[in-house]
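The values are calculated or read from the model by the stated rules, or taken from the named source; none is laboratory data. Quick caveat: nothing in here was measured; it's all calculated off a predicted structure. Cβ placement follows ideal geometry from the backbone for every residue including glycine, while neighbour counts extend to all protein chains displayed.
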Amino acid sequence: MKEKEFERRLDKKIQGHAKIMSDEKRKKIHIDYAKNHSQNELFAVCIEEMSELTKHLTKIMRGKESMRNNAGCIEEMADVQICLNTLQLYLDLSESDFNYAIDVKLERYEGRR
């Protein structure tokens with residue numbers, strides 16, 4: 001999706017206080033996507049999306065993009081999160097096991113303060 005189109009559609013949802021898609025509908029979309037793509041395709045898309053987010057973050061670091069109201073960065077963050085959610089389902093990782101893994105990592109961050 002073109003960045004301006006994403007920004008326009010996002011602003012419309014935010015300004016209109018649109019209803020957020022249900023977890024069930026999101027899960028169905030992730031499952032359907034995973035069923036219709038090979039493992040290599042899923043992994044390649046994840047790698048590409050993470051690369052695009054990396055590109056936006058390095059632009060922010062170099063002062064080429066603003067950190068605030070950065071629709072491009074928000075779009076890539078959403079793409080990466082979608083990929084992670086799809087991978088979680090594809091790899092059959094339960095929500096609780098995944099959250100335990102997140103807890104372990106966050107506890108490590110907490111210990112670094």
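Couple of notes before you dig in:
- Whichever residue in the range 91-113 is charged (D, E, K, R) and part of a helix (DSSP H, G or I) and, among such residues, is modelled with the lowest pLDDT: 110
- Qualifying residue in the range 54-63 (condition: free of Cβ contacts under 8 Å to residues at least 12 places away in the same chain, of a type in the set (Gly, Ala, Ser), closer than 30 Å to residue 8 by Cβ and exposed (fewer than 11 other Cβ atoms within 10 Å of the Cβ)): yes
- Every residue from the range 26-36 that is assigned to a helix (DSSP H, G or I) and either polar (S, T, N, Q) or surrounded by 10 or more Cβ atoms within 10 Å (Cβ to Cβ) (or both): 26, 27, 28, 29, 30, 31, 32, 33, 34
- Scanning the range 50-90 for residues that are within 15 Å of residue 3 (Cβ to Cβ) and part of a loop (DSSP other than H, G, I, E, B) gives 64, 65, 66, 69, 70.
- Total residues in the range 21-41, condition in contact (Cβ under 8 Å) with a residue 24 or more places away in the chain and either within 19 Å of residue 95 (Cβ to Cβ) or of a type in the set (Lys, Arg) (or both): 6
- Conditions (1) closer than 13 Å to residue 83 by Cβ; (2) of a type in the set (D, E, K, R); (3) in contact (Cβ under 8 Å) with a residue 60 or more places away in the chain; number of the one not met by residue 7: (1)
- In the range 81-100, the residues that are surrounded by 14 or more Cβ atoms within 10 Å (Cβ to Cβ) reach residues that are among the acidic types (Asp, Glu) and modelled with pLDDT of 95 or more with C-beta atoms within less than 7 angstrom, at least six apart or across chains, in these pairs: 83/49.
- Complete set of residues in the range 8-24 that are surrounded by 10 or more Cβ atoms within 10 Å (Cβ to Cβ) and over 16 Å from the mean Cα position of the chain (by Cα): 8, 9, 11, 12, 13, 18
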